[in-house]
1. Which FRET efficiency, nearest 0.05, do Lys120 and Gln24 yield, Cβ-Cβ r, R0 22 Å?
2. Determine the relative contact order of the chain: mean sequence separation of Cα pairs under 8 Å and six or more apart, normalised by residue count, in whole percent.
3. Would you mind counting up the charge near Val121? Only other residues with Cβ under 11 Å from its Cβ, with Lys and Arg at +1 and Asp and Glu at -1.
4. List the GluC sites (Glu not before Pro) within the stretch 1-62 that fall in a DSSP loop (any state other than H, G, I, E or B) and whose Cβ has at most 12 other Cβ atoms within 10 Å.
5. With +1 assigned to the C-beta of every Lys and Arg and -1 to the C-beta of every Asp and Glu, and no other charges, what is the dipole magnitude of the chain about the Cα centre in debye, to the nearest 20?
6. For the stretch 1-44, just say rounded, prolate or oblate: build the C-alpha gyration tensor, square-root its eigenvalues into a ≥ b ≥ c, call rounded for a/c under 1.5, and beyond that prolate if a/b exceeds b/c, oblate if not.
7. Taking R0 as 25 Å, what FRET efficiency do you get between Ser49 and Lys106 from their Cβ-Cβ distance, rounded to the nearest 0.05?
8. In nm, to one decimal, how far is the Arg138 label point from the Ala31 one, both placed 7 Å along Cα→Cβ?
Amino acid sequence: MAELKTKETKASVTEFLNGVKDRQKRADVKAIAKMMRDATGKRARMWGSSIVGYDHYDYQYASGRSGTFMMTGFSPRAQNIAVYIMPGFGQYGALLKKLGKHSTGKSCLYIKRLSDVNEKVLAQLIERSVKDMRRKYR
């Protein structure tokens, strides 16, 4: 069974965030970090080399594979900011309609800049996803 590559590390979140070269993106991810800290009540941890994650959950699949992963997080990528909404987006359609300019993957919300979205709606989306994850995994 393959081992999960993205794991919690002891790297400094502060150093990582301060190393984001683009000033606006750095400010944006620091604001997102506060939303996630408020939603989880937990301090940030680095997951791999480029993901800032909050809280964690343990999972086990029917296949027997198990592991631990972040409950929510983000990554300031070159093209956009990836926000990890771990339950996916099926139950959040109403919030997504009010969010603003974004795209989604399976559990990734992609935004170019924070000013493209409604920050209150983004905070609500993060809060609801964390509550849903805690209900499912705790």
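A short reminder: the numbers here are calculations on the coordinates, not readings from a lab. From a predicted model like this one, the values you see are computed outputs, not experimental measurements. Here the Cβ positions follow ideal geometry from the backbone for every residue, glycine too, while neighbour counts run over all protein chains shown.
1. 0.65
2. 22 percent
3. Here the count lands on +2.
4. Listed in order of number, the matching sites are Glu3.
5. Dipole about the Cα centre, nearest 20: 180 debye.
6. Oblate, because a/c is 1.5 or more while a/b does not exceed b/c.
7. Working from the Cβ atoms, E equals 0.75.
8. It is 2.8 nm.
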